[in-house]
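Reading through the structure tokens given below for one structure.
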Amino acid sequence: MPAKEIRKKVVALQERRTLDQSVQTARVSGLFAVAKTWFGPRIQAELKFRGRDMSQKQNIAVIGLGSMGYGIAQSVLRAGHVTYGVDVDAEVADRFRSEGGAAGTLAEVAADLQAVIVVVLNAAQTEELLFGPEGIVPKLANGAVVMACATVPPSFAKLMEARCAECGVHYLDAPISGGSVKAAAGRLSVMASGTPAAFAAAATVLDATAETVFELGDASGAGSAMKAVNQLLAGVHIATMAEALTFGMTQGIAPETFLEVISKCAGSSWMLENRAPHVVQGDYTPHSSVNIWPKDLGIVLDIARDAHFSAPITAAALQQFLAAAGQGLGGEDDAAVAKVYARNAGLKLPGEA
């Protein structure tokens, strides 16, 4: 074949490849354009709802810097937000400020807050903080959100939602679970219910503090109902861990052997694996105190009574925590309920003289 014809064929082949590449590029560009048109707004809306745009710094107050609240405040601060830590213990609040927390009283900063996280003991404390003489809700701007984390009756959560709405403030019924370690790591489980607007307003806070958010309904109350179910199980599991561990001691089974074996058997539970080590180590530093359970199991039994539901195992567990509190153990870790069983049986737990 003459060289001239060969050059023509090469040029033609190059032109065809260039055309094919142009067509392919157009097709890909077209697909991206379609994808952007159809899915872009949806993706952006989802990211906005989930609070993933962490460049949007917010002003957030965490009220109640106990074992859970302090970790929550640390997680919010670590996420880059202006974080106010508030507690009745001035020393604890000062410690948080020394770690980077913002300075200012609630009265001074309330109008600039986008979110308030309430991590206190009970319904009475929650209501006092929100609507008492120094209540924060009337001071908040329209559209701010209160994320209420205490274990409370569902009816109380519904009432707080209604009262907040009267002030133009969103309320998210958001009980939490996971313990102080997960609180500090921003990996809590949140059993949440509230209006879609409340979820949207709390998205940034949830992003900073939670690993799992269960969206249980579009009105407050459902989250607290689920937390009551969780607390029934958790309280019973702690009490039965203590009962089984000390029963084993009467049969010559050392607490450390009990933990080693049962944690690998069908009789185990998350609470057993988490709390039995406290007994084995003789360390009752409170991560969750005994005093929590008379309140929480009392709420469970109140709800059960209103529902005409018998909960005898819950009632039995409650009696053991009440006995522990009566023996002066209320401020100790809730694993100290094992001391009730041990004292009744004349046993010595690890660390006891």
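So which helices (runs of 4 or more DSSP H) are wholly in the stretch 257-353 and hold at least 3 residues that are buried (at least 21 other Cβ atoms within 10 Å of the Cβ) and more than 28 Å from the chain's Cα centre (by Cα)?
The helices (runs of 4 or more DSSP H) meeting that bar are 338-345.
Can you pull out every residue in the stretch 70-98 that is in contact (Cβ under 8 Å) with a residue 60 or more places away in the chain and small (Gly, Ala, Ser)?
Within the stretch 70-98, 71, 75, 79 qualify.
I need the full set of residues from the stretch 243-256 which are of a type outside the set (D, E, K, R) and part of a helix (DSSP H, G or I), in order please.
244, 245, 246, 247, 248, 249, 250, 255
So in the stretch 107-148, with the set limited to residues that are more than 24 Å from the chain's Cα centre (by Cα) and part of a loop (DSSP other than H, G, I, E, B), which one is farthest from residue 204 (Cα to Cα)?
133
Coordinate-derived values only; no laboratory data. Quick caveat, the model's predicted, so the values are computed rather than measured. Note that we place each Cβ from the backbone using ideal geometry, even for glycine, and neighbour counts take in every protein chain shown.
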